[in-house]
Each structure stands twice: as structure tokens, then as C-alpha cells.
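One structure is given here, and the rest of the page talks about it.
Any read-out appearing in this document is the output of simple, stated calculations on the displayed coordinates, not a laboratory observation. Keep in mind that this is a model prediction, so the values were computed, not measured. So basically every Cβ, Gly included, is an ideal-geometry build from the backbone, and we count neighbours across all protein chains shown.
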Amino acid sequence: MRNFLVAKLCLALMLMTFASQPSFAQSVNVDIRIGTSLNNGRSITCSQGERLLRLRGFRDIRRVDCRGRFYIYRANLGIRRFEVALNSRDGRVVDMRRIRR
């Protein structure tokens, strides 16, 4: 019984040392430019465009205009603010401009 208790204690100590190891942060490199296809050439809706931008690292996404051929969004990428235009027919980035706050 005593050996079993010692084995459990050793196992708990080993697990605690592995769990308390610090993890190192990695920088995220988002590569999105004019001409990048976000939806593999398929048409998108306005909400799908917002979701695709969020998956590419954009935050605080606002829909500016979702009528017609191009969907326009304003979003943050890191500490910078951008205006991004997506083609509704194929999901490509048509225009991307850095804007002032």
C-alpha cells in the first residue's frame, strides 16, 4: 500500500512539472494582399466575407457596404485599421487600404 501511495505522489509531481512549463508566444504573420482568394473562387455572402476576414486575423470587423458586386469592410489587423473590399462573386480581395482612425 505504501509503494502505491509513493508511486501516485511521484506521478502527480511529474505531471505538475510538465503542466507548469511556460509556453512561448509566437508572432502571427498574416499574408493577405490584393488578389488573394479567400473562398477558392466561390461566391460569398456578406457574413461569409466577415467570417473569412476574421479567420485571416482581422478583428473588430465592421460592414461598410454589402450591396452590389463588392463588399467593403473596415477591420483591425494588429494595431492598424484597414478598409478591405472583397469581390462577392469569387471571394477575392479587390482592394485593401490602411486608414487613419
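Rg/Rh, computed from the Cα trace of region 32-101 with Rh as the Kirkwood radius, has the value 0.92.
Name all residues of region 43-66 having a backbone nitrogen under 14 Å from the label point set 7 Å from the Cα of Asp90 along its Cα→Cβ direction, giving them as ranges. Only 43-44 fall inside the zone, counting backbone N under 14 Å.
Residues Ile34, Ile61 in ascending order of nearby Cβ atoms (within 10 Å, fewest first): Ile34, Ile61. Note on region 28-99: dipole from Cβ charges, positive end direction compared against Ser43, Asn76, Leu55; the farthest Cα belongs to Asn76. Count charges around Arg92 for me, please; just the other residues with Cβ under 14 Å from its Cβ, Lys/Arg as +1, Asp/Glu as -1. Cβ neighbours under 14 Å give a net charge of +3.
Between Ala7 and Asn76, the modelled labels are 5.3 nm apart [label points 7 Å from Cα along Cα→Cβ].
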